[in-house]
Amino acid sequence: MKILIVVPSFRNGGTITSLKNLVSWLDLFKYQIDVFAITNTGSNRDFIANYVNVLGHSLDDKQIGHTPIVSIKNMVFIIVKTLKKLLEKIGIDISPIAFKSVVPKLEKKKYDLVIAFQEGQATRFVSYFKNTKKISWVRCDYSNMLRITNQKPQHKLYANIDKVVCVSEYTKNVFISLLPEAAFKTVSLHNLMSDRLIIEKSMDINELDSNFKFDGFRIVSIGRIDPVKRFSLIPEIVNNLKKRKLNFRWFIIGEGEGKEKELLIDNIFKYSVQNELLLLGEKNNPYPYIKRSDLLVSTSKSEACPNAINEAKILGTPIVATDFGSVYEFIEDNVNGLISPIETIADKIEQMIINETLYNKIKNNISHFKYDNDEIINVLYNDIIVS
């Protein structure tokens, strides 16, 4: 079977982490897999190329695969790309024009299955394929995504998709509440996690950031710096904990841009927590940091299938998380982690720092955790790819 997987880019984030795990699990003798990035940016391309065929170029380049486009088309492409950026600034999206010009070139490869590995542009791109089975992954709280992007439910878009895969039962229920006509073709499936690889990579301490050295209680938060993760609220939480005379340091691993990052930095100085809260930036291998932290904290407003929480469980690191919709699928409160509204999360973190009995109970419970990839693989093969 010949499969094309479409992703927005190769930048670090939940989608690419999930893709890494997927390609490391798939039976590559049974499937011929190509990966195409709409925007050919990010540091994970080489890793993915070790497992599958990454198409050489994307919408940002002058060719796809190894087939050159004649110079006149190159000029048109450059003009369209520049025009697209200008129009996006005033709220006009001309991506469909580019998508319609690229899809026919990919269709010549005669794929049996085309997968949009994320909602949004990847799904829109895949929707233009004809005469092939199309699957779309939904990796967000769909209602929250519509609200943030000021869109209405995308009935017409998903009518062109043969199967929809939501990465938690919660996200599935939200999705079909807004698109009830898609209920018959929508399933829930947690992300695959390469637990062996995660554990192996957690042992690599050669490139640990020197700023991570600290003898007290280490807290880590991981993810892209955007409004959904709410990292800009962490400085106030840190200040709250600082006033309680606790010996801790909080590290944020991830990158971002725009207002959320500006607000995060502004708040670090506003609350004078430069010594207690450190931004370590993007890390291709975050696992040594999770493994060597005493606590992973998720401040998210919304999560679909939280990779960082699952990774922490695999590595035996206790968790405190906010009460986002899907959290109860992944954390059993007071058993393998603590769940709290964002307003009282400082209290839960303090409990984990000062209550040794509670902390050790949760850490012991997590030490017995095993991620069930076998069931996920079974559903993926039999109910999604083959069906």
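Since every read-out is calculated from the coordinates, none of them should be taken as a lab result. Please read all numbers here as calculations on a predicted model, not as lab measurements. Every residue, glycine among them, receives a Cβ derived from its backbone with ideal geometry; neighbour counts consider all protein chains shown.
So here's what we get for this one:
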item: Electrostatic dipole magnitude of the chain [Cβ: Lys, Arg +1; Asp, Glu -1; Cα centre; debye, to 20]; result: 1220
item: √(5λ) per eigenvalue of the Cα gyration tensor, the chain, largest first, Å; result: 37, 24, 20
item: Gain upon complete extension [residue 31, residue 155; 0.36 nm per residue less C-alpha separation]; result: 41.5 nm
item: FRET efficiency for residue 265 and residue 387, using Cβ-Cβ distance with R0 set to 51 Å, rounded to 0.05; result: 0.60
item: Area projected by the alpha carbon convex hull of the stretch 211-316, averaged over all directions, nm²; result: 6.5
item: At most 10 other Cβ within 10 Å, DSSP loop - GluC sites (Glu not before Pro), the stretch 279-328; result: none
item: The stretch 329-387 and the stretch 203-265: distance between their alpha carbon centers, rounded to Å; result: 20
item: Protection proxy ranking of 233-239, 119-125 - average other beta-carbon atoms within 10 Å, highest first; result: 119-125, 233-239
item: Calculated FRET value between residue 39 and residue 323, using beta carbons and R₀ = 51 Å, to 0.05; result: 0.95
item: All-pairs Cα distance distribution in the stretch 124-175, expressed in whole percent, bin size 5 Å; result: 4, 20, 27, 27, 15, 6, 1
item: Rounded if a/c under 1.5, otherwise prolate or oblate - the stretch 268-364, Cα gyration tensor axes; result: rounded
item: Charge dipole (the chain, unit charges on Cβ, about Cα centre) - positive-most of 273, 140, 43; result: 43
item: Sites residue 169 and residue 294 - FRET efficiency at Förster radius 41 Å, r taken between beta-carbons, to 0.05; result: 0.85
item: Over 25 Å between alpha carbons, listed pairs 283/313; 201/245; 130/156; 100/172; 213/291; 243/313; result: 201/245; 100/172; 243/313
